[in-house]
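Report on one structure; see the data block that follows.
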Amino acid sequence: MSVVEVAASAQLASVWDDYISGLNVGVLLTDDRGQVLATNDVAAELMQLAKADLLTGARPAGWHLRDDTGAAMPDWAELAGQVLRAGSPLSIPMVIARSGQPLSRIWADYHAVQVQGRSRVLILLQSVHTDVPHSRGLLDPLTGLPGRVLLLDRLEQSLVRARSRGTLSTLVLIDVQRLADFNAEHGFDRGDDLLTTLAGRLREGLSDEHTVARYGGDEFAVVAEHPSGTGEAIAEQAREVAGWPMRVGRKRVRPGLRVSWVTTDGHAPVHSVLARAEQQLQH
């Protein structure tokens, strides 16, 4: 039987067999919609899935893909689109869970590649127990801001300092509303321009002591420390600097933003702070 299970042509299967037979890392090839076209045995083992499930998109009952905090990961289509548009690698840790219990933790490296003249995404999977440099994947390839991994680390450090110093830590989430509609009307390139513009405004308009990060495909985050009060002023400042009108082609548009914030003395765990901020963002 072929080392690679494919949902494509026999020609692709033979090429892939030549290259990935015997590799000790998981290998996935997807299209721009996140559909898996090819995979190897190691990838299926790391993902705790049968190869047939990887290819068809089927998932066993209770199977979930989470980040380090337990929050749901963006879907593969969103990640694939981001990597292809940015043209830069993306590295993120993922936790495979079933019925709420973590089964394995893996590191995924996303790369934009050309296969038979078509844009594809190559994903390399490794267990975190292998020698994976901690510094990989910390910056978002589109905006240059700290990505989700580094944000979680900065938030954890902020909570530790708040507990030890008797200060406060605030997390602000900024959601760019109707980004999919914006992309549909103006194109993904304009959508990426919008996100990079917002990233620059937040980075330049807020204190250098704050961490500004890209939390998700259409979300930014700010981590701030302060001696007293609440995060309301920080949240309003973020809304103000990010909400200025911008020019798209010949039009001036004002980004639609939804902002939430949570202030804590540091005794709440990271996942609770994130969950509370995300909950407030929905109301």
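The values are calculated or read from the model by the stated rules, or taken from the named source; none is laboratory data. Computed from a prediction, not measured in an experiment: that's the story for all the values here. Heads up, the Cβs are rebuilt from the backbone with ideal geometry, glycines too, and the neighbour counts pull from every protein chain shown. These area figures cover heavy atoms from the full protein model, side chains too; ligands, DNA and RNA do not enter into them. Shrake-Rupley method; radii C 1.70, N 1.55, O 1.52, S 1.80 Å.
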### Message
Give me the dipole magnitude in Debye, nearest 20, for region 148-282 about the Cα centre, with unit charges on the beta carbon: positive for Lys and Arg, negative for Asp and Glu.
### Response
260 debye
### Query
Given 0.36 nm per residue, what is the gain on full extension from His186 to Gln48 after removing their alpha carbon distance, in nm?
45.8 nm
### Task
State the answer as a single residue: which of His111, Ala58, Gly87 lies farthest towards the positive end of the charge dipole of the chain, with beta carbon charges of +1 for Lys and Arg and -1 for Asp and Glu, about the Cα centre.
Gly87
### Message
I'd like the accessible area for His210: 1.4 Å probe, protein heavy atoms, all chains in place, Å² to the nearest 10.
### Response
40 Å²
### Message
Considering only C-alpha atoms, what is the centroid distance from region 204-283 to region 56-120, in Å?
### Response
25 Å
### Message
Quick check for me: using +1 on Lys/Arg Cβ and -1 on Asp/Glu Cβ, what's the dipole size of the chain about its Cα centre, in debye to the nearest 20?
### Response
580 debye
### Query
Just going by the charge dipole of region 148-282, with Lys and Arg at +1 and Asp and Glu at -1 on Cβ, which of Ala199, Gly187, Ala213 is farthest out on the positive end?
Gly187
### Task
Note down the accessible area of Glu185, probe 1.4 Å, to the nearest 10 Å².
120 Å²
### Summary
Residue span Ser88 to Asp265: 0.36 nm per residue of separation minus Cα-Cα distance leaves a gain in nm of 60.0 nm
